[in-house]
Amino acid sequence: MSDVVAGTLYVVATPIGHLGDLTPRARSVLSGVTVIGAEYTRNTGGLLAHFGIGTPTIAVHDHNEGDVAAKLVARLQAGDSLALVSDAGTPLVSDPGYRLVRAAREAGCPVVPIPGACAAIAALSVAGIPSDRFCFEGFLPAKAGARRERLASLVGETRTLVFYESAHRIEEMLADAVAIFGPEREASLGRELTKRFETLLGPTLAAIAEAVAADPNQRRGEFVLVVRGNEDQEAAQLAEGKRLYAKLAEHMKPSAAAKLAAELSGAPRKSLYGGE
Ligand code: SAM
């Protein structure tokens, strides 16, 4: 019996490496839909060929999603069924797709998740770091200044943090994380998860940065960095207070900046005045 219903958009997770992670239901949906919207049709073509799936694909990526969404919704309304996949893992997670999903839902078309692999969740599941509350931060900004500013804004975050990173920025990103969160902050780096060279590094940011700097092989592939949240509430408030003070003092008198930064962060005003 087919898993596919006419007029429905299926959001289908695909493997993040190991092809055995494509679920039987995903396989059945990909075989049964009229068309598959894919981020990179060539890469998805490889996956489909491996499983002997002949369904046609159509490109849905960040640059055409707005235009293509309307056309695909019209096809759904005409009775076609559609699967959305990304290059790897779960669509919409640091990947395109939300515009299409929104357009389909606004048009009253059923949207059905077909869950499966997601690099963030895979990394979190093996990090051994508290995972009852976590923030998915995705990719940090590419430019050093903006990246450091984003990290600085997260110093006081008490929940576990999850970041994506690519091979060409992993070293700089780790160096910034060590400098901003501190070398002893607990962390876990998942590299090439589910693939041949899968590696887990830890237990602190300094240890991870050192291991990655020492071995070029540790800089290859795809990465998820999981960082334990700041458990020292006082230190977190102070860090946030100092960050706010530095910004506000650019625009107002130091005394007023300290008052406002203290109010917003909960840090004592005396600890901020002077920017120390
Ligand atoms: N939608 C995907 C998901 O569900 O995980 C993420 C897509 S995002 C464009 C790609 C990033 O995910 C990579 O740069 C890396 O940070 C992470 N990633 C994907 N596959 C991975 C893997 N096998 N091991 C570690 N990280 C991976």
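For a quick check: with amide H placed at 1.01 Å from N, whose amide H comes under 5 Å from residue 57's, ignoring anything fewer than 5 positions away on the same chain?
Sorted by chain and number, the residues that satisfy this are 36.
Using 7 Å Cα-to-Cβ label points, what is the residue 126/residue 197 separation (nm, one decimal)?
About 1.5 nm, to one decimal.
Enter the angle in degrees (range 0 to 90, nearest 10) between the Cα long axis of helix 41-50 and the first principal axis of the Cα atoms of the chain, meaning the one along which they spread out most.
The answer is roughly 60 degrees.
Return one number: the angle in degrees, 0 to 90 and rounded to the nearest 10, between the long axis of the Cα atoms of helix 170-181 and the longest principal axis of the Cα atoms of the chain.
That helix lies at roughly 40 degrees to the long axis.
If you count only protein heavy atoms with a 1.4 Å probe, what accessible area per residue comes out for segment 166-261, rounded to a whole Å²?
Working: 4960 Å² over 96 residues.
Solvent-accessible surface per residue comes out at 52 Å².
Residue 251 label point, 7 Å along Cα→Cβ, cut-off 12 Å on backbone N: hits in segment 137-159?
Inside the label zone: nothing.
Lys and Arg at +1, Asp and Glu at -1: add these up for the other residues within a Cβ distance under 14 Å of residue 9 and post the number.
+1
So if I place +1 on the C-beta of Lys and Arg and -1 on the C-beta of Asp and Glu, and nothing else carries charge, what would the dipole magnitude of segment 46-190 be about its Cα centre? I want it in debye, nearest 20.
320
Taking the dipole about the Cα centre of the chain, with the C-beta of Lys and Arg at +1 and of Asp and Glu at -1, give me whichever of 91, 180, 227 is farthest to the positive side.
Value: 91.
Give the long-range amide H neighbours of residue 204: residues separated by 5 or more places, or on another chain, with amide H under 5 Å away, using H modelled in the peptide plane at 1.01 Å from N.
So residue 204 has HN proximity to 187.
So with the 1.4 Å probe, I'd like the accessible area per residue for segment 9-117, rounded to whole Å².
46
If I take every Cα pair under 8 Å that is 6 or more residues apart in segment 120-227, average their sequence separation and divide by the length, what percent do I get for the relative contact order?
Once normalised by length, the contact order is 32 percent.
Describe numerically, in nm with one decimal, the distance between label points set 7 Å from Cα along Cα→Cβ at residue 166 and at residue 112.
In this crude label model, residue 166 to residue 112 measures out at 3.5 nm.
Checking the cross-link filter: which aspartates and glutamates have an alpha carbon closer than 19 Å to that of residue 247, excluding same-chain neighbours under 8 positions apart?
149, 157, 263, 276
Near residue 253, which lysines are there with a Cα under 19 Å away, not counting those fewer than 8 places off in the same chain?
242, 270
Taking the Cα centre of the chain as origin and charging only Cβ (+1 Lys, Arg; -1 Asp, Glu), how large is the dipole, in debye to the nearest 20?
Using only the charged Cβ atoms, the result is roughly 440 debye.
For the chain, what % of the accessible area comes from carbon and sulfur atoms, probe 1.4 Å?
With neighbouring chains kept in place, the figure for the chain is 53 percent.
Measuring from centroid to centroid over Cα atoms, what is the spacing of segment 192-255 and segment 109-134 in Å?
Each part's Cα centre sits 20 Å from the other's.
At 7 Å along Cα-to-Cβ for each site, give me the label-to-label distance between residue 64 and residue 25 in nm.
Distance between the two pseudo-spin positions: 3.0 nm.
About its Cα centre, how strong a charge dipole does segment 134-243 have in debye, to the nearest 20, once Lys and Arg get +1 and Asp and Glu get -1 at the Cβ?
About 360 debye.
Using only the alpha-carbon atoms, how far is helix 65-77 inclined from the longest principal axis of the chain? Give it as 0 to 90 degrees, nearest 10.
40
If Lys and Arg each add +1 and Asp and Glu each add -1, what is the summed charge of the other residues whose beta carbon sits under 13 Å from the beta carbon of residue 59?
-3
The values are calculated or read from the model by the stated rules, or taken from the named source; none is laboratory data. All values reported here derive from a predicted model rather than from experimental measurement. For neighbour counting, all protein chains shown are included, and Cβ atoms are generated from backbone atoms with ideal geometry for every residue, glycine included. Calculation scope for accessible area: heavy atoms of the full protein, side chains included, ligands and nucleic acids excluded. Shrake-Rupley method; radii C 1.70, N 1.55, O 1.52, S 1.80 Å.
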